[in-house]
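Single-structure report; data block below.
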Amino acid sequence: MRVANAEYVLSAVSPDHFVRDGLPSIAFAGRSNVGKSSMLNRLFGRRRLARISSTPGRTQAVNYFLVDRRLYFVDLPGYGYARAAKRDRRRWSNVIEAFLRTSVPRPLVVLLVDGKIGGTQLDRHAWDYVRGLGLASLVVATKIDKVSRGRRVRALDKIRVTLGAKDDESVLAVSALTGEGMAQIWHAVAAFLDPDSSPLKPTETP
Ligand SMILES: Nc1nc2c(ncn2[C@@H]2O[C@H](COP(=O)(O)OP(=O)(O)O)[C@@H](O)[C@H]2O)c(=O)[nH]1
Ligand SMILES: [Mg+2]
């Protein structure tokens, strides 16, 4: 999938501002500092997009980027450092939950987990939430350049165990530094947009 054009559209701080034009969306979620901005920049081969998402006031917003005028990349607020998360670690952000619950058509969720640090309980809660909604999802292990080649398989397995992933749910290793894994992410996006050829089926609601 070759991207010709990606442009910032808007930042929604409440569900009233969510885009409701029927275009498909790919939502990117993960702990603060997981490497989400770096990965989005690398995916688009430019710096401007994710810089918008780190503008003060927009870090807690749902940031929409229109890609090729036919889908949205949605940068969700990073979790883990918010006061709400400290008060109640089981609670995910209201605005994130509202986005995932109400977006039509239903989004593909790319959950980013730090490949070096591994999965955390917050990541587990996030992924449980996504799967509980039965959304199509993809787990990505970021900063994989920090993990030596000999340790990667084990690191990815450990993330799968922490998240409670099933056998057919794999973790994709990526690095914004080296560009590793970017082609696979674009491939997953293309497959999601073309369900006939998609290996990414929505998970079953328990
Ligand atoms: N080695 C390495 N560092 C990374 C990578 N991606 C991000 N980082 C670093 O991790 C930190 C957080 O990255 P950032 O993209 O701002 O994370 P965000 O908070 O999830 O948007 C920064 O210091 C980045 O330079 C990567 O692929 N490899
Ligand atoms: Mg960021």
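Quick check, is V161 out of contact with any Asp or Glu (no Cβ under 8 Å at 6 or more places or on another chain), within 22 Å of A29 (Cβ to Cβ), open to solvent by 50 Å² or more (accessible area, probe 1.4 Å) and modelled with pLDDT of 95 or more?
yes
Would you please list the contacts, defined by Cβ atoms under 9 Å and residues six or more apart or on different chains, that run from a residue in the stretch 114-130 that is closer than 18 Å to A98 by Cβ and open to solvent by 10 Å² or more (accessible area, probe 1.4 Å) to a residue that is basic (K, R) and in a loop (DSSP other than H, G, I, E, B)?
H125/R89; H125/R90; H125/R91
Looking at (1) in contact with a strand residue (DSSP E or B) (Cβ under 8 Å, 6 or more places away or on another chain); (2) more than 16 Å from ligand 2 (Cβ to nearest atom), can you tell me which one V113 breaks?
The one condition V113 does not meet is (2).
Quickly run through the stretch 6-63 and pick out the residues that are touching a Ser or Thr at 6+ places or on another chain (Cβ under 9 Å) and hydrophobic (A, V, I, L, M, F, W, C).
Passing the criteria: F18, V19, A27, V34, M39, L40, L49, A50, I52, A61, V62.
Inspect the stretch 21-32 for any residue being within 12 Å of ligand 2 (Cβ to nearest atom), touching a strand residue (DSSP E or B) at 6+ places or on another chain (Cβ under 8 Å), of a type outside the set (A, V, I, L, M) and modelled with pLDDT under 95 and give the result as yes or no.
Yes, there is a match, as at least one residue in the stretch 21-32 is within 12 Å of ligand 2 (Cβ to nearest atom), touching a strand residue (DSSP E or B) at 6+ places or on another chain (Cβ under 8 Å), of a type outside the set (A, V, I, L, M) and modelled with pLDDT under 95.
Filtering the stretch 55-78 down to residues that are under 14 Å from R31 (Cα atoms) and at pLDDT below 85, which residue is nearest to ligand 1 (Cβ to nearest atom)?
T59
Determine which single condition R46 fails, assuming it passes every other condition in (1) more than 9 Å from ligand 2 (Cβ to nearest atom); (2) in contact with a helix residue (DSSP H, G or I) (Cβ under 9 Å, 6 or more places away or on another chain); (3) not in a helix (DSSP H, G or I).
R46 satisfies all of (1) more than 9 Å from ligand 2 (Cβ to nearest atom); (2) in contact with a helix residue (DSSP H, G or I) (Cβ under 9 Å, 6 or more places away or on another chain); (3) not in a helix (DSSP H, G or I) except (2).
The values are calculated or read from the model by the stated rules, or taken from the named source; none is laboratory data. Not measured: the values here are computed from a predicted model. A quick note on method: Cβ atoms are made from the backbone with ideal geometry, for glycine too, and the neighbour counts reach across all protein chains shown. In case anyone asks, the SASA skips ligands and DNA or RNA and just uses the protein heavy atoms, side chains included. Shrake-Rupley method; radii C 1.70, N 1.55, O 1.52, S 1.80 Å.
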